[in-house]
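This report refers to the structure that appears directly beneath it.
The values are calculated or read from the model by the stated rules, or taken from the named source; none is laboratory data. The model shown is predicted, which means the values in this text are computed figures rather than measured ones. Here the Cβ positions follow ideal geometry from the backbone for every residue, glycine too, while neighbour counts run over all protein chains shown.
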Amino acid sequence: MRALIFAAGKGERMRPLTVHTPKPLLEVGGKPLIVWHIEKLAAIGVRDIVVNTSWLAGRFPEVLGDGARWGVRLHYSFEGSEPLETGGGMRLALPLLGDAPFIAINGDIWTDFDFSRLPLQPSGLAHAVLVPMPAFRKAGEFERLASALLPDHDGSLHTFSGIAVYRPAFIAHREHGTYSLTPELIACARDGRLSVDALRGHWQDVGTPERLGELDAALRGAVGQ
């Protein structure tokens with residue numbers, strides 16, 4: 001199985017930290033956010049990882065190299081000077097991801113979720129991992145549809161964690177361009193082609209300098225215990 005890490009965003013809410021450093025390369029617990037993902041993917045046997053890039057794209061190979069230090073091969077999918085959003089970025093990277101289902105992860109989250117729980121073959125076009133609605137998120141159609149698919153749904157709303165498994169057909173029908181994955185996920189949820197699971201473990205959307213600092217302090221504190 002291959003994997004895609006979304007790393008092309010400009011990280012505007014994280015400025016000034018992201019003026020010279022892409023958000024996935026910001027450090028928490030002594031290493032870049034994206035390295036936590038690479039290590040976890042390598043641990044379950046993923047050997048080819050695509051990193052989509054745009055903002056400060058050259059910094060990724062400078063910091064990560066070719067992935068050999070983690071026993072993986074990193075492939076960089078450059079989107080140009082402007083990010084293509086998640087849907088456009090995935091569509092552009094598709095030739096590097098092969099014909100089999102692949103894992104996709106947002107580069108600006110942190111989690112200790114066990115990636116081995118992800119299905120090798122999703123029952124539909126996509127399998128999404130959900131988390132309880134954070135206070136800083138607003139619920140929309142995806143949250144209402146996907147939450148109802150949880151096996152033990154109790155009526156509470158969940159949102160997308162940024163961790164999923166996709167079949168190439170999920171996005172292969174779309175033209176190249178700039179667009180989000182969300183409409184495709186909603187369509188799959190409506191048509192019974194989306195399966196979901198609730199994340200077990202810790203998860204953090206690292207969207208602001210404050211949340212980054214809190215996560216860094218927590219991780220360093222856990223190591224020091």
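Observations on the model:
- Flag for Ile105 being in contact with a Leu (Cβ under 6 Å, 6 or more places away or on another chain), part of a strand (DSSP E or B) and within 25 Å of Gly177 (Cβ to Cβ): no
- Long-range neighbours under 8 Å by Cβ, at least six apart or interchain, first residue modelled with pLDDT of 95 or more within region 168-180, second among the basic types (Lys, Arg) and surrounded by 14 or more Cβ atoms within 10 Å (Cβ to Cβ): Ile171/Arg91; Ala172/Arg91; Arg174/Arg91; Glu175/Arg91; His176/Arg91; Gly177/Arg91
- Number of the exception - Leu74 against (1) under 23 Å from Glu27 (Cβ atoms); (2) within 14 Å of the chain's Cα centre (by Cα); (3) not in a loop (DSSP other than H, G, I, E, B); (4) not acidic (Asp, Glu): (2)
- Filter result for Ser77 (modelled with pLDDT under 95 and either out of contact with any His (no Cβ under 8 Å at 6 or more places or on another chain) or within 22 Å of Val196 (Cα to Cα) (or both)): no
- Failed item, numbered, when Ile163 is tested on (1) within 24 Å of Phe78 (Cβ to Cβ); (2) over 16 Å from the mean Cα position of the chain (by Cα); (3) not in a loop (DSSP other than H, G, I, E, B): (2)
- When region 1-50 is filtered for residues that are over 19 Å from Ala100 (Cβ atoms), of a type in the set (Val, Ile, Thr) and touching a residue at least 24 places away in the same chain (Cβ under 8 Å), the ones remaining, listed by number, are Thr18, Thr21, Val28, Ile34, Val35, Ile38.
- When region 126-151 is filtered for residues that are in contact (Cβ under 8 Å) with a residue 12 or more places away in the chain, farther than 24 Å from Phe102 by Cα and of a type in the set (D, E, K, R), the ones remaining, listed by number, are Arg137, Glu141, Arg144.
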